[in-house]
1. Give the residues of the stretch 19-47 that are closer than 18 Å to LYS71 by Cα, charged (D, E, K, R) and more than 8 Å from the chain's Cα centre (by Cα), sorted by residue number.
2. Identify, please: which residue in the stretch 39-92 is among the small types (Gly, Ala, Ser) and touching a residue at least 24 places away in the same chain (Cβ under 8 Å) and is, among those, surrounded by the fewest Cβ atoms within 10 Å (Cβ to Cβ)?
3. Go through the stretch 1-18 and give me each residue that's under 21 Å from VAL69 (Cα atoms) and either in contact with a Cys (Cβ under 9 Å, 6 or more places away or on another chain) or open to solvent by less than 30 Å² (accessible area, probe 1.4 Å) (or both).
Amino acid sequence: MDCTLSSSEKRQYDAWMHSPTVFSTIPSETILAFKISRLLHQPPSKTLKALRGVAELDSALREAVESYVMKTPSLAFEQSPPKRLITLIENH
């Protein structure tokens with residue numbers, strides 16, 4: 001996984017970034033959340049919350065997102081919930 005977006009994804013991502021449900025200003029985090037949400041067929045904002053480890057989120061969604069990150073060699077978590085961040089590992 002990387003932090004690039006196709007032109008179609010970029011339009012959808014830009015629209016989502018103007019949503020009041022987006023609570024991050026870290027571009028790599030929001031792009032990864034957006035891309036993971038598309039792969040898992042979930043709303044990007046809920047995926048972002050799952051990546052952060054927000055406790056009151058649906059546990060099945062949080063587990064699916066965490067499982068995806070754990071299985072993807074280019075991704076890793078930093079810190080602990082609910083302030084956890086997702087990181088892109090450049091040399092995997």
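1. ARG38
2. Across the stretch 39-92, the extreme among qualifying residues is SER80.
3. TYR13 - this is the single residue of the stretch 1-18 that is under 21 Å from VAL69 (Cα atoms) and either in contact with a Cys (Cβ under 9 Å, 6 or more places away or on another chain) or open to solvent by less than 30 Å² (accessible area, probe 1.4 Å) (or both).
The values are calculated or read from the model by the stated rules, or taken from the named source; none is laboratory data. All values reported here derive from a predicted model rather than from experimental measurement. Here the Cβ is made from the backbone with ideal geometry for all residues, glycine too, and neighbour counts use every protein chain on show. The accessibility values were calculated without ligands, DNA or RNA, using every heavy atom of the protein model including side chains. Shrake-Rupley method; radii C 1.70, N 1.55, O 1.52, S 1.80 Å.
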